[in-house]
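The values are calculated or read from the model by the stated rules, or taken from the named source; none is laboratory data. Computed from a predicted model, the values in this text were never measured in an experiment. Note: ideal-geometry Cβ built from the backbone for every residue, glycine included; neighbour counts use all protein chains shown. For the accessible areas, the whole protein counts, side chains as well, though only heavy atoms, and no ligand, DNA or RNA atoms are used. Shrake-Rupley method; radii C 1.70, N 1.55, O 1.52, S 1.80 Å.
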Amino acid sequence: MGYYRVRKNWNNGKWDSSQICAYTDKQKAIQECTEERVQQGYKVFDPDGKVVYPITLEKQTKVLKNDGVIPDDEIEYWNDIFNRKKLVHLDDLNVIINRYSKLLNKNETKIVSHNGICMLRIPSNRFQIKLVDKSKSNLDEDTYFNLGYFANFKEDGIFFTLPVANLVADTDENTLSSPCLKYLKERKVKDNKVYFYASQNASDQFKTKDVSTLIICNDNTVFIDKYNSLYDEDVKYAVSGAPIIIDGFRATTEYLDEGWDNSIVRPTVHGFLGIKDNYIYYFYIETKTSNCITSGEVYDKIKDCGFSDVIKVDGGGSFYCKINGEIQKSTSENRQINNIGIVM
């Protein structure tokens, strides 16, 4: 057992004229290293020469640039701690670590399980919707899944897709085929962002319908409600789907009133988006009944999850889910799909 020394310099463990005392009990040494002595340059060294008190926190660039982990009302606190290399007591350090860990956890994407269903819990500020118009497995993203419904077209020998109902998504105009981009621009494409609404659909299926749509606002508030069109300036992302839970209650035939048909409820692998406490939950279920909505098959599996709203997004031959580079589930066809959800 060695000594905890209160001194200004370690001096390779040799005697130093600045040493005040030495204890085998670390806490006693810390008690001797008062605030006044800390200001004079005294420290507590462990038997190996490591400073155990006071602790100096180095500047953390990731925190200071505020990449979404730190809420706006906490930035001043963390700047004071990290940017000024503030000296803290050991007890204070534990408080700081716990506080930051909670913030990290709050903004972390997690895989959770319920009734055997694997769910991705995604903070709304880390969820991206992207229009890709590519084969579902030919994408570079590390964690993504097929998302909104779409229609297939062919023009000048080129196959392409367009979304149905509502979609607000990022895109890369340079990667889209000329007919796809042409029809998207007839609606609205601005700064590599697509705005495509039910009121603008080519077919009459959704043109006059208010359709259940997950909305992420520019302030990262997320909710599901029915829309035929949206105000561009307020919306960061949007995607439509068939309602499963509306305001906490089971939906039955409402999907038909919105313009969806029975082709989307057959037994296959289906994707879903749910909302709870401003988190987005993505999950998939392989259903067995002829109508996964009216039979209650899906609802019965998720009814006690606490979701305020849930919509069913695309599945079947379009289904594809990859998490951290590993394919979790995919149907056999490498179908050309329109848009995907990405975890950033």
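Give the residue, chosen from SER308, SER229, that is among the polar types (S, T, N, Q), farther than 15 Å from GLY148 by Cα and over 22 Å from the mean Cα position of the chain (by Cα).
The match here is SER229.
On the basis of being at pLDDT below 95, among the aliphatic types (A, V, I, L, M) and either out of contact with any helix residue (DSSP H, G or I) (no Cβ under 9 Å at 6 or more places or on another chain) or closer than 26 Å to ASN125 by Cα (or both), does ILE311 make the cut?
Here the answer is no, as ILE311 does not meet what is asked.
As an exercise: evaluate ASN278 against (1) of a type in the set (S, T, N, Q); (2) within 21 Å of the chain's Cα centre (by Cα); (3) open to solvent by less than 50 Å² (accessible area, probe 1.4 Å) and give the number of the one condition it does not meet.
Failed condition: (3).
So the check is Cβ under 9 Å with 6+ separation or different chains; which pairs have a first residue in region 13-26 that's touching a residue at least 60 places away in the same chain (Cβ under 8 Å) and in a strand (DSSP E or B) and a second one that's surrounded by 11 or more Cβ atoms within 10 Å (Cβ to Cβ) and not basic (Lys, Arg)?
none
For THR294, which of the numbered conditions (1) surrounded by 18 or more Cβ atoms within 10 Å (Cβ to Cβ); (2) without any contact (Cβ under 8 Å) to a residue 60 or more places away in the chain; (3) closer than 18 Å to ASP261 by Cα fails to hold?
(1)
Limited to region 263-272, what total is found for residues that are touching a helix residue (DSSP H, G or I) at 6+ places or on another chain (Cβ under 8 Å) and open to solvent by 50 Å² or more (accessible area, probe 1.4 Å)?
1
Which of the residues that make up region 183-241 are among the aliphatic types (A, V, I, L, M), under 25 Å from TYR282 (Cα atoms), out of contact with any helix residue (DSSP H, G or I) (no Cβ under 6 Å at 6 or more places or on another chain) and at pLDDT 90 or above?
Those that are among the aliphatic types (A, V, I, L, M), under 25 Å from TYR282 (Cα atoms), out of contact with any helix residue (DSSP H, G or I) (no Cβ under 6 Å at 6 or more places or on another chain) and at pLDDT 90 or above: ALA198, LEU214, ILE215, ILE224, VAL235, ALA238, VAL239.
Hey, among TYR255, TYR237, which residue is under 24 Å from THR171 (Cβ atoms), outside any loop (DSSP other than H, G, I, E, B) and among the hydroxyl-bearing types (Ser, Thr, Tyr)?
TYR237
Does any residue in region 303-320 that is at positive phi and open to solvent by 10 Å² or more (accessible area, probe 1.4 Å) come within less than 8 Å, Cβ to Cβ, of a residue that is in a strand (DSSP E or B) and at pLDDT below 95 six or more places away or on a different chain, and which pairs are these?
GLY306/LYS276
Just to be sure, is GLY49 of a type outside the set (Phe, Trp, Tyr) and touching a helix residue (DSSP H, G or I) at 6+ places or on another chain (Cβ under 8 Å)?
yes
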